[in-house]
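Asks: One structure, as structure tokens, below. Some questions next.
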């Protein structure tokens, strides 16, 4: 009996915590901080998001993703890519952390994509450190 309890505890510690977008009301939230401006074909800008941890334990965000939406009929969503840092981010219990994302517009993007607002939908995964 003692052995099965130890295994169960290990599974709970290692199980990923989804973002609130993936599991509403649980784990953590991801929100925009300010605006990324000046994105043009071939350009790169930094976009910050705030990861908020409403739980009573520290979390380690191991994956952050941003799905890019289409801003207009003349500019495809594929014109932009968003990359999160490769290093996990520690977010203290009941705290938050601002995370920089790299936003790139393809050099081949149509001029119609210049300075548009691309809708971004965030998701991510965290574990207990």
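The values are calculated or read from the model by the stated rules, or taken from the named source; none is laboratory data. Since this is a predicted model, take the numbers as computed values, not measurements. Reconstructed Cβ throughout: ideal geometry from the backbone, glycine too, with neighbour counts over all protein chains shown.
Asks: Which of the residues belonging to the range 57-72 are within 21 Å of residue 36 (Cα to Cα) and either surrounded by 16 or more Cβ atoms within 10 Å (Cβ to Cβ) or out of contact with any strand residue (DSSP E or B) (no Cβ under 6 Å at 6 or more places or on another chain) (or both)?
Replies: 64, 65, 66, 68, 69, 70, 71, 72, listed by residue number.
Asks: Oh, and also: Say we look at the range 69-103 and pick out the residues that are outside any loop (DSSP other than H, G, I, E, B) and in contact with a helix residue (DSSP H, G or I) (Cβ under 7 Å, 6 or more places away or on another chain); which of these is nearest to residue 123 (Cα to Cα)?
Replies: Applying the filter and picking the extreme gives 79.
Asks: Cβ-Cβ below 8 Å, separation at least six or inter-chain, first residue in the range 30-43 and on the phi > 0 side of the Ramachandran plot and modelled with pLDDT of 90 or more, second outside any loop (DSSP other than H, G, I, E, B) and surrounded by 12 or more Cβ atoms within 10 Å (Cβ to Cβ): which pairs?
Replies: 42/105
Asks: Would you confirm whether or not the range 8-22 contains a residue that is out of contact with any helix residue (DSSP H, G or I) (no Cβ under 6 Å at 6 or more places or on another chain), over 19 Å from residue 119 (Cβ atoms), modelled with pLDDT of 75 or more and not in a loop (DSSP other than H, G, I, E, B)?
Replies: No.
Asks: Kindly indicate whether any position in the range 53-68 is assigned to a loop (DSSP other than H, G, I, E, B), touching a residue at least 40 places away in the same chain (Cβ under 8 Å) and touching a helix residue (DSSP H, G or I) at 6+ places or on another chain (Cβ under 6 Å).
Replies: no
Asks: Looking at (1) buried (at least 17 other Cβ atoms within 10 Å of the Cβ); (2) within 19 Å of residue 31 (Cα to Cα), which is the one condition that is false for residue 109?
Replies: (2)
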